[in-house]
Amino acid sequence: MYTKDGESYFIVDAHVALWDARRENQRNVHGEQFIDCFYDYHRNLSPESELWGHEEFLYAGGERLMKDLFTDGYVDHAIFQPAYLGEFYKTGFGQTEEAFALSQAHPDKLTYNHNFDPRNGEAGLDQLRADAERFGLQGVKLYTAEWHGDSRGWSMRDPWTYRYLEVCREVGIKNIHIHKGPTIRPLDRDAFDVADIDSCASDFTDLNFIVEHVGLPRLEDFCWIATQEPNVHGGLAVAMPFIHSRPRYFTQIIGELLYWIGEDRIQFSSDYSIWTPRWLVERFVDFQIPEDMTEYAPLTLAQKKKILGLNAASMYGLEVPEHLRLPEDLADSGETATGPREPAAGDRDSLVGAGR
Ligand SMILES: [Zn+2]
């Protein structure tokens, strides 16, 4: 929970990882390229006070994760969204056993999502059923640019992917998180293209598709797709730190998202441990649309509370203490828009009038 100026916020960090990219676990040069690219994102987009050394960045470990998220980071609940990357790392990148053990030790604080790869065919379908049962899965994180033998990626439209989504439906996995957007060396940018979300979202209207990283740099593609598909949501991992390094770019991202898909389908995340949640939560609560960017309506308190935690809490059925919920008069009616939304008329005038 975070409190500022008499307002308290329930915080869900909807995209965190516990990875091991240490040299002993790197399978080949691509393991090194991948983590070095993550480290460049970290270095280029973080405030100086939040920088980690390269060694500690390779592996944070469970103890530090608990401290950074829950002791220091205001987070009430966090969701593991692991990447496998078995071609680059010996035991994989995301550490399944360690993360799952932490989630079991702190079920009130952590949810473990797993992953699948439709290129594993029939055997992978059985594995998915077994994983769903063992981990009690509510969600998966998918990585369409992952390498697999000679293949450099797969699509959400593939017939095999549909068979996996049918199994998700069958075993009660409702939340399909997909990395769409930022490319990472040596993966292919186009294998992360957001366009394939359009068909699976239409064909599986009973599943939620959370597009992590909101499709960046293809934000416009994402917005035009998501506005037509009420079961498509946007995850702010990687978008968040621009609040520091490129505040006007961040304004554009959050402004476009609110305009096109609205305040109920956007989820905060730090993308730990590329970034830590503490400063991101503080900055976002303090954030406001600059006065001269008049095409975007100012962010309201209710919008910030929804984005920082209430949206993800509702998707994952998390218990939110009563005093952290929105009062009835602040609560949106919750209808899902299927077209561009008008900025709330008069919002800016009333804020200006209040001496902003
Ligand atoms: Zn991702």
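The values are calculated or read from the model by the stated rules, or taken from the named source; none is laboratory data. Here the structure is a predicted model, which is why all the values come from computation and not from measurement. Positions of Cβ are backbone-derived with ideal geometry, glycine not excepted, and every protein chain shown enters the neighbour counts. We work out accessible area using only protein heavy atoms, side chains counted, and drop any ligands, DNA or RNA first. Shrake-Rupley method; radii C 1.70, N 1.55, O 1.52, S 1.80 Å.
Condition first: of a type in the set (Phe, Trp, Tyr) and open to solvent by less than 10 Å² (accessible area, probe 1.4 Å). Can you find one or more residues in region 288-309 that meet it? No, the conditions are met nowhere in region 288-309. In the condition set (1) free of Cβ contacts under 8 Å to residues at least 24 places away in the same chain; (2) crowded, with 22+ Cβ neighbours inside 10 Å; (3) acidic (Asp, Glu), Glu166 is compliant with all but (2).
Looking at region 178-192, can you tell me whether even one residue there is open to solvent by 30 Å² or more (accessible area, probe 1.4 Å) and not in a loop (DSSP other than H, G, I, E, B)? Within region 178-192, one or more residues are open to solvent by 30 Å² or more (accessible area, probe 1.4 Å) and not in a loop (DSSP other than H, G, I, E, B).
One line per residue, one yes/no per condition, for (1) part of a loop (DSSP other than H, G, I, E, B); (2) over 26 Å from Arg169 (Cα atoms); (3) open to solvent by 50 Å² or more (accessible area, probe 1.4 Å); (4) among the acidic types (Asp, Glu):
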residue: Asn44; (1), (2), (3), (4): no, yes, yes, no
residue: Leu65; (1), (2), (3), (4): no, yes, no, no
residue: Val75; (1), (2), (3), (4): yes, yes, no, no
residue: Glu98; (1), (2), (3), (4): no, yes, yes, yes
residue: Ser103; (1), (2), (3), (4): no, no, no, no
residue: Asp108; (1), (2), (3), (4): yes, no, yes, yes
residue: Arg119; (1), (2), (3), (4): no, no, yes, no
residue: Leu125; (1), (2), (3), (4): no, no, no, no
residue: Leu128; (1), (2), (3), (4): no, no, no, no
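Might you let me know whether region 233-253 holds any residue that is part of a loop (DSSP other than H, G, I, E, B), open to solvent by 30 Å² or more (accessible area, probe 1.4 Å), more than 29 Å from Asp40 (Cβ to Cβ) and modelled with pLDDT of 95 or more? No, every residue in region 233-253 fails to be part of a loop (DSSP other than H, G, I, E, B), open to solvent by 30 Å² or more (accessible area, probe 1.4 Å), more than 29 Å from Asp40 (Cβ to Cβ) and modelled with pLDDT of 95 or more.
Only one of the numbered conditions (1) within 16 Å of the ligand (Cβ to nearest atom); (2) outside any helix (DSSP H, G or I) is not met by Ala312, and that is (2). The residue list Glu229, Glu256, Glu282, Glu220 contains one member that is acidic (Asp, Glu), away from the ligand (no atom under 16 Å from the Cβ) and under 21 Å from Lys4 (Cβ atoms), which is Glu282. Please find, among Thr251, Thr183, the residue that is among the β-branched types (Val, Ile, Thr) and more than 16 Å from the ligand (Cβ to nearest atom). Criteria check complete, one pass: Thr251.
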